[in-house]
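J.: Got a structure for you, questions after.
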Amino acid sequence: MHSLVEAYTKEQDNGESTESVMDNLMGLLRIHVNRGVNLAVRDARSSDPYVVVKMGKQRLKTRMIKRDVNPEWNDELTLSVTDPNIPITLTVYDHDTFTFDDKMGNAEFEVKSYIEALKKYTSLQEISNGTVLERLQPTSSNCLAEESLIYLKDGKILQDIVIRLENVECGEVEIQLEWIHFPGSKTFSSQ
């Protein structure tokens, strides 16, 4: 995590100082990009998919999996969170060697509900392991493919999400959110 914190202490493109960025840092959001399900075929018989996750100016990507429309990435991507209202965009691409990579669908999701649950359940000692804290239902205005659970596991509040990709004929991506709080980050109570 040391190099991650160093990355956020560098001066920002917009001229914002290191102190300002660190003062506004609420914490880190680890996104476990687990797997893709029934992704679109973009090459002759398959695809070489990878995932790009964006939040504000941050952009991270998984490794590419060759010839698999049901890839298992099991990659962890970590974003800094300064504003819980900034949505996260997830885009799946098909890697191509000699041409531009093909888009295989995208989705935008919010983390505000997850962060609200973190604020609400700060005293983890009173909650037993495996307790479901919140349930989010799929609607026409979100990208959930099924009910999303926010729950306690091994002292951590996690959220499992199955994302229905948009702008494509088929495909879902399974992810898990995990919050990383560290000393000196902006506390939830000051929101």
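The values are calculated or read from the model by the stated rules, or taken from the named source; none is laboratory data. Bear in mind the structure is a predicted one, so any value in this text is a computation, not a measurement. Neighbour counts are summed over all protein chains in view; Cβ atoms, including those assigned to glycine, are modelled from backbone coordinates with ideal geometry.
J.: Any residue at all in segment 84-105 that is part of a loop (DSSP other than H, G, I, E, B) and in contact with a Gly (Cβ under 7 Å, 6 or more places away or on another chain)?
T.: The answer is yes, given that some residue of segment 84-105 is part of a loop (DSSP other than H, G, I, E, B) and in contact with a Gly (Cβ under 7 Å, 6 or more places away or on another chain).
J.: While we're on this one: Filtering segment 139-157 down to residues that are among the charged types (D, E, K, R) and outside any strand (DSSP E or B), which residue is farthest from Tyr121 (Cα to Cα)?
T.: Glu146
J.: Go through Leu28, Leu39 for me and flag whichever is hydrophobic (A, V, I, L, M, F, W, C), closer than 24 Å to Pro87 by Cα and within 17 Å of the chain's Cα centre (by Cα).
T.: Leu28
J.: Name the single residue that is nearest to the chain's Cα centre (by Cα) among those in segment 48-78 being assigned to a loop (DSSP other than H, G, I, E, B) and more than 17 Å from Glu174 (Cβ to Cβ). Break it down stepwise before answering.
T.: So the first thing to find is which residues in segment 48-78 are assigned to a loop (DSSP other than H, G, I, E, B), and the list is 48, 56-57, 62-71.
Restricting the remaining residues to those that are more than 17 Å from Glu174 (Cβ to Cβ) gives 48, 56-57, 64, 66-67.
Values: Asp48: 21, Gly56: 12, Lys57: 14, Met64: 17, Lys66: 22, Arg67: 24 Å.
Ranking the qualifying residues of segment 48-78, first place goes to Gly56.
J.: Could you list, in sequence order, all residues of segment 111-138 that are in a loop (DSSP other than H, G, I, E, B) and modelled with pLDDT under 95?
T.: Residues satisfying the conditions are Tyr121, Thr122, Ser123, Ile127, Ser128, Asn129, Gly130, Thr131.
J.: Determine which member of the set Leu158, Leu177, Leu133, Leu144 is over 16 Å from the mean Cα position of the chain (by Cα), more than 18 Å from Tyr93 (Cα to Cα) and buried (at least 16 other Cβ atoms within 10 Å of the Cβ).
T.: Leu133
J.: What is the residue count in segment 161-174 for residues that are buried (at least 17 other Cβ atoms within 10 Å of the Cβ) and either assigned to a strand (DSSP E or B) or among the charged types (D, E, K, R) (or both)?
T.: Summing the residues that are buried (at least 17 other Cβ atoms within 10 Å of the Cβ) and either assigned to a strand (DSSP E or B) or among the charged types (D, E, K, R) (or both) in segment 161-174 gives 7.
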